[in-house]
Amino acid sequence: MSLKTDSILIHGGIDGDVTTGAVNIPVYQTSTYKQDGLGVTRGWEYSRTGNPTRDALERLIAELEHGKYGFAFASGLAAINTVLSLFKSGDKLVVSDNIYGGTFRILENVFSNFGIAYEIVNTSDLQKVEDAIDEDVKAVFIESPANPLLTVTDIEAVAKIAHEHGKLLIVDNTFLTPYLQRPITLGADIVIHSGTKYLGGHSDTVSGLVVVKKKALADRLYYLQNAIGGVLAPWDSFLVIRGIKTLGVRMDRHVKNAERIARWLSESGHADRVYFPGLPEDPGYEIQKKQADGPGAIISFVLKDTYDYRKFFKNLKVITLAESLGGVESLVCHPATMTHAAIPENIRREVGIVDELIRLSVGIEDVDDLIADLEGAIEASGKGVV
Ligand SMILES: *Cc1c(COP(=O)(O)O)cnc(C)c1O
């Protein structure tokens, strides 16, 4: 019987423990496994190579993303590191112009040392994607909506361009999760997640996930996962599985709250600009509606210069100033000095990551309390206010 997403969240992957009947997959806190004779294993050898708790998570995320093979890593960046290790010296990647700062950093300061190049392109402009692809390019790497300006890229159209040239499409789906967007069904070859965010959902675990559909790609990634060794621990695998069970109900509330706050922000007159693909006036609105089941719950906005953004951060009482996103609690961050500080100032300004830009990860608290907190903090940060 093929299940719908809300049921896969609860029963997907491996449903319960076959040996004991435990409804939840136990934490198999072991590094190694008894062999019954030379070369005779019960399917498990060593926990870097494979662990039943991690395996349950890997199967679950593969099913949720409509792929076939899942891989769990110690962080989103460990996942990205492993995916980038598919490439070799002389290869090049085309990358979205606003991406997670850490993705930029690992390309710029780590993989460039191994001769892997990249070109930053506004991937919402399909002609620019097409123009950037040459012989050396082996893959296009996008986020949609992208971090932190929520720029929407037409995943299906970029997949088509990439495939026409025989290149891979890699999509970082962290912001929407498979509950709202399934890039493999739109043609993506590799889907990446920071499981630290909505999948774990409670700001208590760092993790990363990768999903693919093709066997050859899966074999290569499995080899690299074991060879590089950045795997997710059993306990953390358990926590991510537990988080995923409530993904649907959490995302519904995250999105509902975010839609209210984005509308309020854009009508309040406090912001010069509100970036949120759920607003009909947002340039990404139509494509977002076509390719996803919701806009997500990250909002970025540029505070009017009659307010002091430093004071704004200080005056918040409910919303917490912190790195990260996607937890049940609302978090706010200052991309220019926090998440995107690794991006050189000139590129930052060029793409719109200005000093007045504020990124909000809308949590599942009462939305009226969140709006009151934002309004109070903005009003108290007026430049005339002492
Ligand atoms: C946080 C994040 C990452 C990195 O994940 P970690 O778990 O922090 O290593 C990658 N991509 C996006 C979009 C993120 O938000």
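FYI, it's all coordinate maths here, none of it is from the lab. Because the structure is predicted, anything quoted here is derived from the model rather than measured. Note: ideal-geometry Cβ built from the backbone for every residue, glycine included; neighbour counts use all protein chains shown.
Before moving on, here are some points about what is shown:
- The relative contact order of region 181-294 comes to 24 percent, based on Cα pairs under 8 Å that sit 6 or more residues apart.
- Sorting VAL231, VAL318 from the fewest to the most surrounding beta carbons within 10 angstrom yields VAL318, VAL231.
- Scaled radius of gyration (Cα, divided by 2.2 N^0.38 Å) that region 162-251 gives: 1.16
- Relative exposure of THR32, THR246, THR20, judged by other C-beta atoms within 10 Å (fewest first): THR20, THR32, THR246
- The dipole here belongs to region 195-317: it is taken about the Cα centre, uses +1 on the Cβ of Lys and Arg and -1 on the Cβ of Asp and Glu, and is about 280 debye.
- With R₀ fixed at 51 Å, the C-beta to C-beta distance from TRP264 to LEU38 puts the FRET efficiency at about 0.15.
- For LEU168, the residues whose amide H sits under 5 Å from its own are ALA139, VAL140, ignoring neighbours fewer than 5 places away on the same chain, with H placed 1.01 Å from N.
- DSSP-loop GluC sites (Glu not before Pro) across region 93-166, with at most 13 other Cβ within 10 angstrom: GLU135
- Fraction of beta bridges assigned by DSSP in the chain that are antiparallel (%, nearest 5): 60
- Helix-only mean residue ellipticity at 222 nm for the chain, each DSSP H run of n ≥ 4 adding -39500 (n - 2.57), per residue, nearest 500: -10500 deg cm²/dmol
- Here r is the Cβ-Cβ distance between GLU164 and LYS128 and R0 is 25 Å; the resulting FRET efficiency, rounded to 0.05, is 0.95.
- Near SER324, once Lys and Arg are set to +1 and Asp and Glu to -1 for all other residues with Cβ below 14 Å from its Cβ, the sum equals -1.
- Over 22 Å (Cα to Cα) - which of LYS160/LYS213; LYS68/LYS167; LYS197/LYS256; LYS92/LYS197 fall in this group: LYS92/LYS197
- Between LEU321 and GLU119, the contour length at 0.36 nm per residue exceeds the alpha carbon distance by 69.5 nm.
- The fewest-to-most ranking of SER381, SER268 by surrounding Cβ atoms within 10 Å reads SER268, SER381.
- Residues HIS11 and ALA372, FRET efficiency given R0 of 41 Å [Cβ-Cβ distance, rounded to 0.05]: 0.55
- Cα centroid of region 193-243 to Cα centroid of region 158-188, whole Å: 18
- Where only alpha carbons of region 263-386 are counted, the Rg and the Dmax (Å): 14.5, 47
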